[in-house]
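What follows is a single structure, written as structure tokens, with notes after it.
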There are 2 protein chains.
Amino acid sequence: MSNSIPPARTARLQTYSDASDPKTVKPRLDAVRREMNARGLSGYLVPRGDMFRGEYLPAHAERLRWLTSFTGSAGLAVIGRDKAALFVDGRYATQAPRQTDTSAFAVLPAVQGGYSDALRDIAGKVGPVGYDPWLFSPGDLEGLASILGTGRLKATDNLVDLIWTEDRPAPPEAPVELLGDNRAGKSRRQKLGELRNTIFEAGADALLITLPESVNWLMNMRGRDVPHTPFALSLALVPTEGRPTLFIDISKIGADAAALGADTDFAPIESLPDHLVRLGTNKKTVWTDAGSAPSILVSTLRDSGASLVEKRDPVLDLKSRKNDAEISGIRDAHRRDGVAMAKFLCWLDGVAGSAGLTEIDVVERLEAFRREDETLVDISFDTICGSGPNGAIMHYRVTETSNRTLVPGELLLVDSGAQYLSGTTDITRTVATGPVAPEHKDRNTRVLKGMIAISRLKFPLGTTGAQIDAFARHPLWEIGENFAHGTGHGVGAFLSVHEGPIGIAPRYHVPFAPGNVVSNEPGFYLEDGYGIRIENLVHVVAATEPRFLCFETLTLAPIDTRLIAMAMLTIEERDWLNAYHARVLSEIGPALDAETRGWLEKATAAV
Amino acid sequence: MSNSIPPARTARLQTYSDASDPKTVKPRLDAVRREMNARGLSGYLVPRGDMFRGEYLPAHAERLRWLTSFTGSAGLAVIGRDKAALFVDGRYATQAPRQTDTSAFAVLPAVQGGYSDALRDIAGKVGPVGYDPWLFSPGDLEGLASILGTGRLKATDNLVDLIWTEDRPAPPEAPVELLGDNRAGKSRRQKLGELRNTIFEAGADALLITLPESVNWLMNMRGRDVPHTPFALSLALVPTEGRPTLFIDISKIGADAAALGADTDFAPIESLPDHLVRLGTNKKTVWTDAGSAPSILVSTLRDSGASLVEKRDPVLDLKSRKNDAEISGIRDAHRRDGVAMAKFLCWLDGVAGSAGLTEIDVVERLEAFRREDETLVDISFDTICGSGPNGAIMHYRVTETSNRTLVPGELLLVDSGAQYLSGTTDITRTVATGPVAPEHKDRNTRVLKGMIAISRLKFPLGTTGAQIDAFARHPLWEIGENFAHGTGHGVGAFLSVHEGPIGIAPRYHVPFAPGNVVSNEPGFYLEDGYGIRIENLVHVVAATEPRFLCFETLTLAPIDTRLIAMAMLTIEERDWLNAYHARVLSEIGPALDAETRGWLEKATAAV
């Protein structure tokens, strides 16, 4: 980052509207159908993502939202000649029908990992189904073809872009910012040198990088193009010999980022296919990630004569192993966040019993405490603040419609995080707001035992997240209960709050390595009842035993001891909790005002 | 099986020779090279397996052994114009160089899951590399092509078969035997009906089954073609409409198996390609398992115009979920095996301190106790009996060369199993032979804790072996130790002692289902020191909690309590052990003579 630290934001970072405009849906759908018919298409696909496949989109790329009025973070619209459907996962089963016009789009469940056979029903059994090849990867298309039948998918213009011309927001223009080598821990040149070796060893002449988080990490740059993730939308081409090319809206490269030019060329994104054709014509071998690269780029390479090495983007692995400078920044971010959390939890304890406090009040106060830190850049995602039954909605985001007034005695689940200049945080605490029911205590203690099991685990080199996930579930399994999400996800270094390729869940098959930062967040949810989740971020370090690794905790905030059935903890678990709380007090205490410090002393007292 | 139960074998089932004849290697290799040159091949591949891909081969199919003199159960010979190598995995790093002529074949390590880049070095960098397309699956060829380069592999005659004409054993001719419906739990017709539905639902017109364990399970038949696995070598083609065809040496279908003819046609194996061509010509869709089908069959289908559904052989899943009749047979087998194990362990306790007792003595005595049961058909694999440092060799098989005399105080690891008419067993016990060293006690207790953790586990529907494997390792991980094999493998019902698709190890991604039988066998090995393994078979049953499963133990034999540090067990672990021992005594005790029963009472006394 340049030396001019931006001021802490004064405007609200989180909004609470879920307004939609179902009236707009039918005319827009009709317009898409006209374009379909003009092209002889029997169906057309509109995904939620853009070519960069990030969680957050710039406003001008919210095509699914524009078309269907649905504001969720995942979905696929399938438009047939007579029928149309919006496929959404379980999280959005209630929200999507409320937001769209269900007489235009039937809302159908997206089956895990893809879309159900119903897709064929909507798109019709014969005839070409159009899609924008910038918005689907070869991997996506393979999944779709297995449902629709091979040979039916047809790359076309983006039909939404043809129609959505009026009132369309402009693309983001935030300037690129640079990270100093001391912040990044490694210079751009060093990273490029190491990456070139990796590309060479894989037998490739060049690597095509299509994920902005990879490009931004590699180039030691950041940006402000989308909410909550501080990267600049861009792609890159890195040859084993010669200079890399950064594909980006060149107007974003201002004086602050001019130093980039020493290590890379710049070119507009639209010119990337031409660069790929040149590689193909020269019979080069290009490494691409078929799971995330836009299919148009992969087919351009193939059609122009390039050989392909199809493997996971290697930058994902490199960037998941944080170096010492990055870990030191992340520690700094967690201390800052710990201060905000202590203030927040102290405040909450004082007001939880008062009448009329709403979920939005809680979220706003937490955000305000975070904004007191001058290095705050953004929240890392919309805070999940679920009181009572809302706590059981796993990806709940409070809106003006859903906002609830807290009832003392209910559990309150708060999952939040922030982007500081030094790093990214993500923390969940579940707190008591009055007398605690024995069932709440039992379930919360089981969740805590699972969380401590991961925190205390030592495991040999080569161990994956798939192998250790169940330790977080075991205390719930013992009573025939479970939680329906992964135990943890990777977290970036002042980048995306969700990143691969490591994590703690049955789907993670990449071994842990020192420097990995991962969340540890078991939970328990009783539908229409309450929700519990306890989340710390941890990082992977070498254990004292040779060839073994373990986790070290990054997050610094007290865990509500009023919700713990102490008799259910083993001595080792109790020792862990006391040591953790002692550390929280010693690292956060000195930065607090007297009142908050007094509260924290009580909250972290040994049990 | 017919009603005439075969007599218990009187001949020894296990042999102890590892004799090889390195002198034969060079002339045979030269002869292969002459055939290679005649065909313009720059390399030739000889795998250990035959077209049926089983663990055990009939003598006439032991091509790798004939060529290299190496007797191990896995390996690949790669013959280049100037160099030749025998690739073997870690188990055979010592044995292979002793058995082959290393001036002809360099012995090289097979890297996990395949063969290293060294393969390209041996086979040369250009020119065609020949292979017998009956002996490699499309999956094998894909792995080989990724090393050798695409387009270099060339299907040819089997060059070994051209040379190995003199003194070649005849193919097995054991008659097919039938299982009654009461033993199989389901008639052949029922199984075929259910399988046809599965084939239809996958969009296929027919299923090609190439694994004899699948064919034998489906047809409720068994055979004696190979050691230790009681199946008849055969393949099958099952159409959704019309009769299936069993491809087998028809002379094996005697009077006892004539009933098969009511449900299936018979045809010689050589005619299978013609049958596939007919399916292709009629534009049929055929389900094949590219991981195990001989590549010649898959290419025949493809070349003749068939469409392919490439998925795992569905019979593997069906047969892994044992029905009540099968479980009841398996329980019977474990009671019989428990009686033999009690007699054996009682005998061992009496003689372990005597001078001169060798590993072979122990193996022979165990086999003799098993042979006392009139329903014994075979051992299910060669007994692993490792005393002291030999216990640390994970797949140790005692031979006249390796045979050791027991030294009192050493640990003795005995891993063995049997094929009874009612089912297949596999059990490991580690026993004290004198005063117990504290380290032995600590490690053995950790292994036992891991074994009990799996035994006591309750887990939700959908859980895979990959997810639970680490519970067996956790007590060792706590001190920075581990064991280098999976925790468990599936076991057949009077079929192969190792079967898929479920198991307990990071590589098993198929969810458990009621009826699965799996081994639970954590261990600990100190190289040149000692080995510990404790193994029970368990089967999956519904837990009392809805949508949860758990394991029920099948194996019935005492666990050596002299090797347990009782203070390291939790109350729950001790309760499990006492309940298990009480069950062993009550189920096995009544069948024992007074002396053995007295011994068993002491061995299973509550701790």
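For beta carbons closer than 7 Å, sequence separation of 6+ or different chains, a first residue in the stretch B:78-106 that is touching a residue at least 40 places away in the same chain (Cβ under 8 Å) and under 18 Å from B:P47 (Cβ atoms) and a second that is surrounded by 16 or more Cβ atoms within 10 Å (Cβ to Cβ) and of a type in the set (F, W, Y), the qualifying pairs are B:V78/B:F87; B:I79/B:Y44; B:A84/B:F105; B:Q99/B:F70; B:T100/B:F70.
Scoring A:Y508 on the criteria (1) closer than 22 Å to A:P212 by Cα; (2) surrounded by fewer than 24 Cβ atoms within 10 Å (Cβ to Cβ) leaves a single failure, condition (2). Looking only at residues of the stretch B:445-481 that are surrounded by fewer than 23 Cβ atoms within 10 Å (Cβ to Cβ) and among the acidic types (D, E), we find that the one that is farthest from the other protein chains (Cβ to nearest Cβ) is B:E481.
Let's see how each residue does on (1) in a helix (DSSP H, G or I); (2) touching a strand residue (DSSP E or B) at 6+ places or on another chain (Cβ under 6 Å):
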position: A:L108; (1), (2): no, yes
position: A:L119; (1), (2): yes, yes
position: A:V126; (1), (2): no, no
position: A:G130; (1), (2): no, yes
position: A:G143; (1), (2): yes, no
position: A:K154; (1), (2): no, yes
position: A:D157; (1), (2): no, no
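With B:F70, B:F87 as the choices, which residue is surrounded by 20 or more Cβ atoms within 10 Å (Cβ to Cβ), outside any strand (DSSP E or B) and touching a strand residue (DSSP E or B) at 6+ places or on another chain (Cβ under 9 Å)? Exactly one residue qualifies, and that residue is B:F70.
Looking across the stretch A:162-198 at every residue that is of a type in the set (K, R) and either buried (at least 19 other Cβ atoms within 10 Å of the Cβ) or in the same structural domain as A:T288 (by TED's automatic domain parsing) (or both), the one that is nearest to the chain's Cα centre (by Cα) is identified as A:R183.
Yes or no: the stretch A:482-496 includes at least one residue that is in contact with a Leu (Cβ under 9 Å, 6 or more places away or on another chain), within 18 Å of A:I427 (Cα to Cα) and within 14 Å of chain B (Cβ to nearest Cβ). Checked against the condition, which is being in contact with a Leu (Cβ under 9 Å, 6 or more places away or on another chain), within 18 Å of A:I427 (Cα to Cα) and within 14 Å of chain B (Cβ to nearest Cβ), the stretch A:482-496 yields at least one hit. Return the total of residues in the stretch A:449-479 being in contact with a helix residue (DSSP H, G or I) (Cβ under 8 Å, 6 or more places away or on another chain) and in a helix (DSSP H, G or I). Qualifying residue count for the region: 19. Name the residue that is farthest from the other protein chains (Cβ to nearest Cβ), counting only residues in the stretch A:497-507 that are under 30 Å from A:V377 (Cα atoms) and not acidic (D, E). Ranking the candidates gives A:V497 first. For the stretch A:520-543, a residue qualifies if it is surrounded by 15 or more Cβ atoms within 10 Å (Cβ to Cβ) and closer than 21 Å to A:N323 by Cβ, and the qualifying residues are A:L537, A:V538, A:H539, A:V540, A:A543.
Note on the stretch B:508-524: residues that are away from every other protein chain (no Cβ under 14 Å) and part of a strand (DSSP E or B) amount to 5.
Condition check ((1) without any contact (Cβ under 8 Å) to a residue 12 or more places away in the chain; (2) part of a helix (DSSP H, G or I); (3) outside the structural domain of A:E194 (by TED's automatic domain parsing); (4) small (G, A, S)) across all residues:
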{"position": "A:F231", "(1), (2), (3), (4)": "no, no, no, no"}
{"position": "A:A257", "(1), (2), (3), (4)": "no, yes, no, yes"}
{"position": "A:H275", "(1), (2), (3), (4)": "no, yes, no, no"}
{"position": "A:L279", "(1), (2), (3), (4)": "no, yes, no, no"}
{"position": "A:G291", "(1), (2), (3), (4)": "no, no, no, yes"}
{"position": "A:V298", "(1), (2), (3), (4)": "no, yes, no, no"}
{"position": "A:G305", "(1), (2), (3), (4)": "no, no, no, yes"}
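Of everything in the stretch B:500-538 that is charged (D, E, K, R) and more than 26 Å from B:G54 (Cα to Cα), the residue that is nearest to the chain's Cα centre (by Cα) is B:E527.
For the stretch A:544-555, filtering for residues that are surrounded by 18 or more Cβ atoms within 10 Å (Cβ to Cβ) and within 14 Å of chain B (Cβ to nearest Cβ) leaves 4.
For (1) modelled with pLDDT of 90 or more; (2) of a type in the set (A, V, I, L, M, F, W, C), each residue gets a yes or a no:
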{"site": "B:M1", "(1), (2)": "no, yes"}
{"site": "B:P7", "(1), (2)": "no, no"}
{"site": "B:R12", "(1), (2)": "no, no"}
{"site": "B:R28", "(1), (2)": "yes, no"}
{"site": "B:A31", "(1), (2)": "yes, yes"}
{"site": "B:R34", "(1), (2)": "yes, no"}
{"site": "B:S42", "(1), (2)": "yes, no"}
{"site": "B:L45", "(1), (2)": "yes, yes"}
{"site": "B:D50", "(1), (2)": "yes, no"}
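Quick check on my filter: what residues within the stretch A:38-89 are under 24 Å from the mean Cα position of the chain (by Cα), farther than 20 Å from A:P27 by Cβ and among the polar types (S, T, N, Q)? Scanning the stretch A:38-89 gives a single hit, A:S73. Can you find even one residue in the stretch B:199-219 that is in a helix (DSSP H, G or I), surrounded by fewer than 19 Cβ atoms within 10 Å (Cβ to Cβ) and not hydroxyl-bearing (S, T, Y)? Looking through the stretch B:199-219, at least one residue is in a helix (DSSP H, G or I), surrounded by fewer than 19 Cβ atoms within 10 Å (Cβ to Cβ) and not hydroxyl-bearing (S, T, Y). For the residues B:D361, B:D378, the requirement of being surrounded by fewer than 23 Cβ atoms within 10 Å (Cβ to Cβ), modelled with pLDDT of 95 or more, part of a helix (DSSP H, G or I) and not aromatic (F, W, Y) singles out B:D361.
Looking at the stretch A:521-567, which of its residues are touching a Leu at 6+ places or on another chain (Cβ under 7 Å) and of a type in the set (S, T, Y)? Residues satisfying the conditions are A:Y530, A:T555. Restricting attention to the stretch B:244-282, the residues that are among the aliphatic types (A, V, I, L, M), in contact with a strand residue (DSSP E or B) (Cβ under 7 Å, 6 or more places away or on another chain) and within 21 Å of B:Q190 (Cβ to Cβ) total 4. Scanning the stretch B:566-605 for residues that are more than 33 Å from the chain's Cα centre (by Cα) and not charged (D, E, K, R) yields B:M566, B:A567, B:M568, B:T570, B:I571, B:A594, B:G598, B:A605. In the stretch A:392-401, the count of residues that are farther than 19 Å from A:I504 by Cα, more than 14 Å from chain B (Cβ to nearest Cβ) and in a helix (DSSP H, G or I) is one or more.
Residues that are at pLDDT 95 or above and of a type in the set (A, V, I, L, M, F, W, C) within the stretch A:14-26 comprise just one, A:V25. The requirement of being more than 13 Å from the chain's Cα centre (by Cα), outside the structural domain of B:E213 (by TED's automatic domain parsing), within 24 Å of B:S214 (Cα to Cα) and surrounded by fewer than 22 Cβ atoms within 10 Å (Cβ to Cβ) is fulfilled nowhere in the stretch B:489-498; no residue meets it. Among the residues making up the stretch A:33-50, those that are hydrophobic (A, V, I, L, M, F, W, C) and buried (at least 21 other Cβ atoms within 10 Å of the Cβ) are A:M36, A:L41, A:L45, A:V46. For the stretch A:233-255, name all the residues that are over 27 Å from the mean Cα position of the chain (by Cα) and in a loop (DSSP other than H, G, I, E, B). If the condition is that a residue be over 27 Å from the mean Cα position of the chain (by Cα) and in a loop (DSSP other than H, G, I, E, B), then A:T240, A:E241, A:G242, A:R243, A:P244, A:G254 are the ones that fit.
Within the stretch A:465-481, residues that are over 14 Å from B:L457 (Cα atoms) sit with their Cβ atoms under 7 Å from residues that are surrounded by 20 or more Cβ atoms within 10 Å (Cβ to Cβ) and of a type in the set (D, E), at 6+ positions apart or across chains, in these pairs: A:Q467/B:D469.
The values are calculated or read from the model by the stated rules, or taken from the named source; none is laboratory data. Because the structure is a prediction, the values reported are computed rather than measured. With ideal geometry, Cβ positions are generated from the backbone for all residues, glycine too; neighbour counts draw on all protein chains shown.
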